[in-house]
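The values are calculated or read from the model by the stated rules, or taken from the named source; none is laboratory data. Computed from a prediction, not measured in an experiment: that's the story for all the values here. Note that each Cβ is placed from the backbone with ideal geometry, even for glycine, and that neighbours are counted across all protein chains shown. Ligands, DNA and RNA are stripped out before the accessible areas are found, and what is left, the full protein with its side chains, is counted by its heavy atoms. Shrake-Rupley method; radii C 1.70, N 1.55, O 1.52, S 1.80 Å.
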Amino acid sequence: MKNHNKGISLLELIIYVAIFSVIILVMSEIFFISIKGKDLASVRFEVSQNMRFATEKIRQAVFDASAINVSGACPLNVLSATSTIGGATSSIFIDNGILKISGANGVESITSESVIATTTPADCLFTIISNPQPAKATLQTKLKIVYNSQGRSDLDVAESQQITVSLR
């Protein structure tokens, strides 16, 4: 009678474990890369969304204004816009990295706390361009939105935009 062992040898077990380990390693790398890609896409969306919202708020404030004034020192000066409706004045400024607007309803944040609003050191945030009569005054804004990555260099995302808008 022959003795037939129906088990696996030690060599086969080592080969199976090695193959399984390589598969797990490759799958975990793919998982971590996809997580990093998702984080980066989310950060880019956050920066882009804050930039769009901020530029739209500035455009609307200037477009609705009968007069604009810029005060304070560059690079982070303050825009004051006097509305054609009711003569209320609103101010747009940066406070601790957050772009804010103050008006009759109090102070409201335009950008979120997950980004930092700023401008380049060589530029003013707001500049009034005086056009010859009968043209209206024009405001130029140079805004930079930087993601607050809190030291994670893989999430360093920034977007700069220059907009020019005239009074109505």
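Numbers for the structure displayed
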{"item": "Long-range tail of P(r) for the chain (Cα pairs > 22 Å, %)", "result": "57 percent"}
{"item": "Whichever lysines have a C-alpha closer than 28 Å to that of K36, once near sequence neighbours (fewer than 8 apart) are set aside", "result": "K144"}
{"item": "Amide H contacts under 5 Å for T111, placed H, 5+ residues apart", "result": "L99"}
{"item": "Charge context of Q161, other residues only, Cβ under 10 angstrom, K/R +1, D/E -1", "result": "+2"}
{"item": "Overall dimensions of region 1-96 by Cα: Rg and Dmax, Å", "result": "32.2, 108"}
{"item": "Per-residue HN-Hα couplings for region 130-141 [Karplus 6.51, -1.76, 1.60; θ = phi - 60°; Hz; x = Gly/Pro]", "result": "7, 9, x, 4, x, 5, 7, 5, 10, 10, 10, 10"}
{"item": "Degrees between helix 10-63 axis and first principal axis of the chain (Cα, 0 to 90, nearest 10)", "result": "10 degrees"}
{"item": "Rg(Cα)/(2.2 N^0.38 Å) for region 40-85, N = residue count", "result": "1.48"}
{"item": "³J(HN,Hα) computed for each position of region 147-162 - Karplus, 6.51 cos²θ - 1.76 cosθ + 1.60, integer Hz, glycine/proline x", "result": "6, 7, 7, 6, x, 7, 5, 6, 10, 7, 10, 9, 9, 10, 8, 10"}
{"item": "Amide hydrogen neighbours beyond the local backbone of T119, cut-off 5 Å, H modeled", "result": "K144"}
{"item": "Full-extension gain in nm, K6 to S83, via 0.36 nm per residue minus C-alpha separation", "result": "18.9 nm"}
{"item": "Selected from V47, V70, V107 as most flexible by GNM, with the chain as the system and alpha-carbon contacts under 10 Å", "result": "V107"}
{"item": "Heavy-atom accessible surface of the chain: percent carbon and sulfur, 1.4 Å", "result": "59 percent"}
{"item": "FRET efficiency, V107 to F32 (Cβ-Cβ, R0 35 Å, nearest 0.05)", "result": "0.30"}
